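Worksheet: one structure, shown below.
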Amino acid sequence: MTQKKVFKTILVISTSVLCFILSNPKFSIASDVGNCLLCHKYPGLSRVEGDKGILRLLYVNESAFNISMHAKVKCEGCHTDIKKIPHDPAKKVDCLTQCHIIEPTSEKKFSHKDVADFLAKSVHGKFDKTGQLKKFPEDRPYCKDCHDNPLYRPVSFNKRVTPGISEQALGRCRVCHKKDDFIYRFYNHVTTRLHRSRNPKNITEVCVRCHDDIKLVKRHNLSIKAVETYKDSFHGKAAEFLDERIPDCLDCHVNRGESVHQMLSKKNSLAPTHENNKYNTCSNVECHTNASPKLAQFEVHAEFNKKRSPKQYYFQSAFIVLTGGTLLPLLGIMLLDLLRRLLPGLSRRRK
């Protein structure tokens, strides 16, 4: 037998053994059932795809994933097209796929279909009321445009030694539940939903992905400086300092008690940003409870634009003229005085 045949035989046997190990959970050497992390645990794992040469990172951080919202979902729950290992290039994940998680109130497999229905009827939906595609449907956001795999942010009403974890609460759980992995997962799942899933600064950064795209906002006749004007406001300044009591985009653009996916256009009479609803939005129990109705006239996204913000435009213009009319003559006098001091002989020759 030649050396080439020996090498080929060894390669075939090694590949067969590896495939058997990867496909058999009994021999799992990774934390997931399908042994996906055997390959995907390496930080450098990546691949260049498409004609544009886009670099796609295939690395999965196991520690971060285990404290994320999808920690209980198996890889196969989202990547349903993967049936073998090694596998072919995976298809794009469909977030509406039913995964293996059972929704306890209905005892059926969980799906994000309800979220997709909310999104379809919102200002971000691709279809109008008649079922026709809106202009530039490719600009409309989908799940992964706003969502990554967010980490749990559990709250703690006790000591700050271990922020986010209440050992007293976990102790109560252990009275009935014996497995700590279930206790921590359930505790994180529930307490995370008792407050914001992201802080105001993070939410603003998500909105920037689209609303800071000048070409996109012009196509849809939107405010070019929506995020910039929010950052210039008191709310935005406080958000930069990570104050979580400050209202963010979702607090003003989504009706209280509704899903954030049900965001409506300000032209819609049911929208919290509609002219008739702005005062109720600003004067809710968590914001300006004793505010005057005149507060609703305040433009959070006021910009130097004659068409969008005429009052602010004329006020700023008058202020610029007044400031310039005061400072420029003063600067002129100072400049002439400086020339007189630097060139004293010039004034004598004139005399």
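Given the structure, is CYS99 touching a residue at least 12 places away in the same chain (Cβ under 8 Å), assigned to a loop (DSSP other than H, G, I, E, B) and closer than 29 Å to ALA271 by Cα? Taking the combined requirement at face value, the residue does not satisfy it. Within the range 180-206, residues that are at negative phi and part of a helix (DSSP H, G or I) reach partners that are among the small types (Gly, Ala, Ser) and surrounded by 13 or more Cβ atoms within 10 Å (Cβ to Cβ) with beta carbons closer than 7 Å, at six or more positions or on different chains, in the pairs ARG185/ALA71; TYR187/ALA169; PRO200/ALA239; LYS201/ALA239; THR204/ALA239.
Restricted to the range 231-272, and to residues there that are β-branched (Val, Ile, Thr) and buried (at least 19 other Cβ atoms within 10 Å of the Cβ), the residue that is farthest from ASP145 (Cα to Cα) is ILE246. Screening ASN268 with (1) more than 18 Å from the chain's Cα centre (by Cα); (2) over 19 Å from LEU119 (Cβ atoms) gives one miss only, at (2).
Could we say that LYS109 is touching an Asp or Glu at 6+ places or on another chain (Cβ under 8 Å) and either surrounded by 12 or more Cβ atoms within 10 Å (Cβ to Cβ) or modelled with pLDDT under 85 (or both) here? For LYS109, the condition - touching an Asp or Glu at 6+ places or on another chain (Cβ under 8 Å) and either surrounded by 12 or more Cβ atoms within 10 Å (Cβ to Cβ) or modelled with pLDDT under 85 (or both) - is met.
A single member of LEU55, LEU18 is outside any loop (DSSP other than H, G, I, E, B), hydrophobic (A, V, I, L, M, F, W, C) and either in contact with a strand residue (DSSP E or B) (Cβ under 7 Å, 6 or more places away or on another chain) or modelled with pLDDT of 80 or more (or both), and it is LEU55.
For first residues located in the range 211-222 and in contact (Cβ under 8 Å) with a residue 12 or more places away in the chain, partners that are in a helix (DSSP H, G or I) and among the hydrophobic types (A, V, I, L, M, F, W, C) and lie 6+ apart or on another chain with Cβ distances below 7 Å form the pairs HIS211/VAL217; HIS211/ALA226; HIS211/VAL227; ASP212/VAL227; LEU216/CYS210. State whether the residues of the range 61-69 include one that is surrounded by 11 or more Cβ atoms within 10 Å (Cβ to Cβ), among the polar types (S, T, N, Q) and in a loop (DSSP other than H, G, I, E, B). Within the range 61-69, one or more residues are surrounded by 11 or more Cβ atoms within 10 Å (Cβ to Cβ), among the polar types (S, T, N, Q) and in a loop (DSSP other than H, G, I, E, B).
Results for (1) surrounded by fewer than 16 Cβ atoms within 10 Å (Cβ to Cβ); (2) among the charged types (D, E, K, R); (3) modelled with pLDDT of 85 or more, shown as yes or no for each residue.
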| residue | (1), (2), (3) |
| --- | --- |
| SER156 | no, no, no |
| SER166 | no, no, no |
| LEU170 | yes, no, yes |
| LYS178 | yes, yes, yes |
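For ARG174, are the conditions met, namely being of a type in the set (D, E, K, R), at pLDDT 90 or above, surrounded by fewer than 16 Cβ atoms within 10 Å (Cβ to Cβ) and farther than 23 Å from HIS112 by Cβ? Yes; evaluated as a whole, the condition is true for this residue. Return a yes/no flag: does the range 254-269 have any residue that is touching a residue at least 40 places away in the same chain (Cβ under 8 Å), of a type in the set (A, V, I, L, M) and touching a Lys or Arg at 6+ places or on another chain (Cβ under 6 Å). The answer is no, given that none of the residues of the range 254-269 is touching a residue at least 40 places away in the same chain (Cβ under 8 Å), of a type in the set (A, V, I, L, M) and touching a Lys or Arg at 6+ places or on another chain (Cβ under 6 Å). Being of a type in the set (S, T, N, Q) and farther than 30 Å from VAL155 by Cβ holds for only one residue in ASN280, ASN305, ASN284, and it is ASN305. Among the residues of the range 296-319, those identified as without any contact (Cβ under 8 Å) to a residue 24 or more places away in the chain, of a type in the set (Gly, Ala, Ser) and surrounded by 14 or more Cβ atoms within 10 Å (Cβ to Cβ) are ALA296, SER309.
Given the structure, is VAL206 closer than 30 Å to ASN61 by Cβ, in contact with a helix residue (DSSP H, G or I) (Cβ under 9 Å, 6 or more places away or on another chain) and surrounded by 15 or more Cβ atoms within 10 Å (Cβ to Cβ)? It is true that VAL206 is closer than 30 Å to ASN61 by Cβ, in contact with a helix residue (DSSP H, G or I) (Cβ under 9 Å, 6 or more places away or on another chain) and surrounded by 15 or more Cβ atoms within 10 Å (Cβ to Cβ). Restricted to the range 242-351, the set of helices (runs of 4 or more DSSP H) holding at least 1 residues that are among the polar types (S, T, N, Q) comprises 278-282, 310-342, 344-350. Checked against the criterion of being loosely packed, with under 15 Cβ neighbours inside 10 Å, in contact with a Gly (Cβ under 9 Å, 6 or more places away or on another chain) and not in a helix (DSSP H, G or I), the range 133-147 has at least one qualifying residue.
The values are calculated or read from the model by the stated rules, or taken from the named source; none is laboratory data. Just so it is clear, the structure is predicted and the values come from calculations on it, not from any experiment. Quick reminder, even Gly has a Cβ in these numbers, built from the backbone with ideal geometry, and neighbours come from all protein chains shown.
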